[in-house]
Each structure stands twice: as structure tokens, then as C-alpha cells.
1. How long are the three semi-axes of the equivalent ellipsoid of region 54-97, in whole Å, if each is the root of 5 times an eigenvalue of the C-alpha gyration tensor, listed from largest down?
2. At 1.4 Å probe radius, can you tell me the per residue accessible area of the chain in Å²?
3. Hey, if you put +1 on the Cβ of every Lys and Arg and -1 on every Asp and Glu Cβ in the chain, which of Gln92, Tyr105, Ile121 ends up farthest toward the positive end of that dipole?
4. Using the charge dipole of the chain (Lys, Arg: +1 at Cβ; Asp, Glu: -1 at Cβ; taken about the Cα centre), state which of His67, Pro136, Met81 has its Cα farthest towards the positive end.
5. On the accessible surface of region 90-183, probed at 1.4 Å, how many percent belong to carbon and sulfur atoms?
6. Could you grab the relative contact order for region 2-141? Cα pairs under 8 Å, six or more apart, rounded to a whole percent.
7. Peptides 53-59, 129-135, 31-37: what's the order by average Cβ count within 10 Å, highest mean first?
8. Here are a few candidate values for semi-axes √(5λ) of the Cα gyration tensor in Å: [x] 30, 23, 14; [y] 28, 22, 17; [z] 23, 19, 18. Which one was actually calculated from the structure I just gave you?
Amino acid sequence: MATPAAGPVRTIPHEVHRLAIAVDVGFEEFRDRYEQAVPLLDQDRFQSLIRADADWEQVQRASAYRHDLALFWRLDVGAIMRLADDPPWCVQYLMGNAVIAERMYRHDPSVMLYAPLRVLIHEDGNGRTWFTVDQPSRQFASFGIPAIRAVGIELDRKLARLLAFLNAPVPSALTAGTASGGS
């Protein structure tokens, strides 16, 4: 919140909308499509920018991605779960863009709790592939700062365009642009 209540602990309730999107192709095909559309962040490049004390314009150029999003991290959760004889197809990601995140960070660094976005691609017990993500605008609206809320809505739209590009259903919540704050 812009002006938090006094005291050492704040509890900020907010409503999360988890978007679970069934896709019409198999896990491996959808995962491959996704990873081709959203590239892995070039960590070495960004570390060299940090070491060189680069200006923000250089960071902006390095952050220009096809869908404005990159993968910061990937974990094959299914690989370890398969050791317990659980379904093997589940990969978790952190997806985002430092330049977009900075537009929120300047108002409240705690937005980084939700940036980059956490994404999951998995196969259920019936062999159906799912793309799951918490709706960005809901997460960021909880800060009660209009500029952060606006970036959250922008991220909803970027996510909608990415899903359309991947030939996945696009939830109407991502294109409505009406996330309410703090609920």
C-alpha cells in the first residue's frame, strides 16, 4: 500500500485468480512451443551489464523480446515427482521482463513477490495438458497503487497475446482490463 499502517507487521488480504487453461496439444509439444516463444534470459549478458554499470537504455535493449517476456528460471518438477511414481509431466517457470518490472518496483519493491510471473505447464491424470498462472492484474492490484495496477493490466494483455500466439484459449479475464484493487 502507498501509506501502510504503522507497526512491524502488515496483513494485506487480496483475491488471487488462478487461470488454469487446458490446451489442445500434448505436454511436450506445448512446452516446446512455449519455450520457443519465451526464450531463456541470457544471464551472462545481464551479469555483464551489471559489472559494466550499464545505463538503463542498454538494459532496455537487452530486454527486447519477441513477446516482451523471458524465462528467468525453469524447474522440471515432474522429474523428481516421477521417483514417487507420480505423473512425470510438470514444469514450473518464472517469466517476466526486468524493464516492465522496474515500472512497478520504483513504486514499491515488494511487487517482486509476484514478478517475474510464476507459470506451470503440466499434464493431469487424464493426459490433458494445462497452462496455469495467477492473473497478473489481480496480484499487482493488491498494492493499491494505480501505476502498479496499470502494469498488471498490461501484463494480462501480454499474457493474452502470448496464449493466442501459442494457439491456447485466452481467458476473457486477461482482456477485460478491470482488475480491482486489494480484494
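1. Details: eigenvalues 237, 17, 5 Å².
Semi-axes from the Cα gyration tensor: 34, 9, 5 Å.
2. Averaged over the residues of the chain, the accessible area is 55 Å².
3. My answer, from the dipole projection, is Tyr105.
4. Most positive-ward Cα: Pro136.
5. 55 percent
6. The normalised contact order for region 2-141 reaches 31 percent.
7. 129-135, 31-37, 53-59
8. Only one listed value fits the structure, namely [y].
The values are calculated or read from the model by the stated rules, or taken from the named source; none is laboratory data. Keep in mind the model is a prediction, meaning the values are calculated, not measured. Note: ideal-geometry Cβ built from the backbone for every residue, glycine included; neighbour counts use all protein chains shown. Surface accessibility is based on the protein's heavy atoms, side chains included, excluding ligands, DNA and RNA. Shrake-Rupley method; radii C 1.70, N 1.55, O 1.52, S 1.80 Å.
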